[in-house]
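Values quoted throughout were computed directly from the atomic coordinates according to the rules given, and no laboratory measurement underlies them. Quantities reported herein were computed from a predicted structural model and do not represent experimental measurements. Positions of Cβ are backbone-derived with ideal geometry, glycine not excepted, and every protein chain shown enters the neighbour counts.
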Amino acid sequence: MTTLSEIMTREVFIAAPDTPVADVAEAMLKGRFGSAVVTQGSLLMGILTERDVLRAAASRADLNASPVSEWMTNDPVTSTPETNADEAAEIMMSQGFRHLPVVEGKVITGIVSLRDIMRTHIRRPRQPGA
């Protein structure tokens with residue numbers, strides 16, 4: 001069984017809670033990140049996802065002034081590197097989110113998305129002659 005340590009993205013995009021949503025959204029777009037883990041020092045405070053950015057934009061808030069702490073999901077569900085991919089998928093599907101921070105103790109070690117998990121289940125057939 002595949003564990004999260006085998007499929008997680010280890011380079012996690014991190015933002016401070018007082019960073020404006022517009023700045024984080026711009027960095028997410030440039031870096032092709034689907035989420036930003038929000039920390040205060042080493043403490044995990046929340047997660048800001050693409051959906052949260054859309055929700056903020058739809059509110060017509062000034063995203064250059066609104067900090068991510070106003071729009072993030074506080075105290076997000078996390079998992080450990082040893083969690084198997086199917087269990088992580090079940091957690092995400094049952095709770096309605098697509099990004100799961102991976103922690104060891106209180107240290108963020110990675111993040112996994114439903115897309116990462118789907119890649120473990122979808123095997124492309126070998127091409128003839130390959």
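Odds and ends about this structure:
- Sequentially through the stretch 31-46, phi angles give Karplus couplings (6.51, -1.76, 1.60; θ = phi - 60°) of x, 6, 9, x, 7, 10, 7, 9, 10, 10, x, 9, 7, 6, 9, x Hz, Gly and Pro residues having no value and appearing as x.
- With at most 14 other Cβ atoms within 10 Å, longest stretch of the chain clear of loop trypsin sites (Lys or Arg not before Pro) (DSSP): 61-105
- Sites count as exposed loop sites when they are GluC sites (Glu not before Pro), lie in a DSSP loop, and have at most 13 other Cβ atoms within 10 angstrom; the longest stretch of the chain without one is 12-81.
- For the chain: relative contact order, % (alpha-carbon pairs under 8 angstrom, 6 or more apart): 30 percent
- In plain terms, the chain from ARG55 to ASP18 could stretch by 11.5 nm, reckoned as 0.36 nm per residue minus the Cα-Cα distance.
- Seen from all directions on average, the stretch 36-100 presents a Cα convex hull projection of 5.1 nm².
- Extension gain from MET93 to THR9, taking 0.36 nm per residue of separation minus the Cα-Cα distance: 28.3 nm
- Convex hull (Cα only) mean projected area of the chain, reported in nm² to one decimal: 9.4 nm²
- A full extension of the chain between LEU29 and LEU43 corresponds to an added length of 2.6 nm, given 0.36 nm per residue minus the alpha carbon distance.
- Here's the picture: a label point sits 7 Å out from the Cα of MET1 along the beta-carbon direction, and within the stretch 99-124 the residues with their amide nitrogen under 17 Å of it are 117-118, 120-121.
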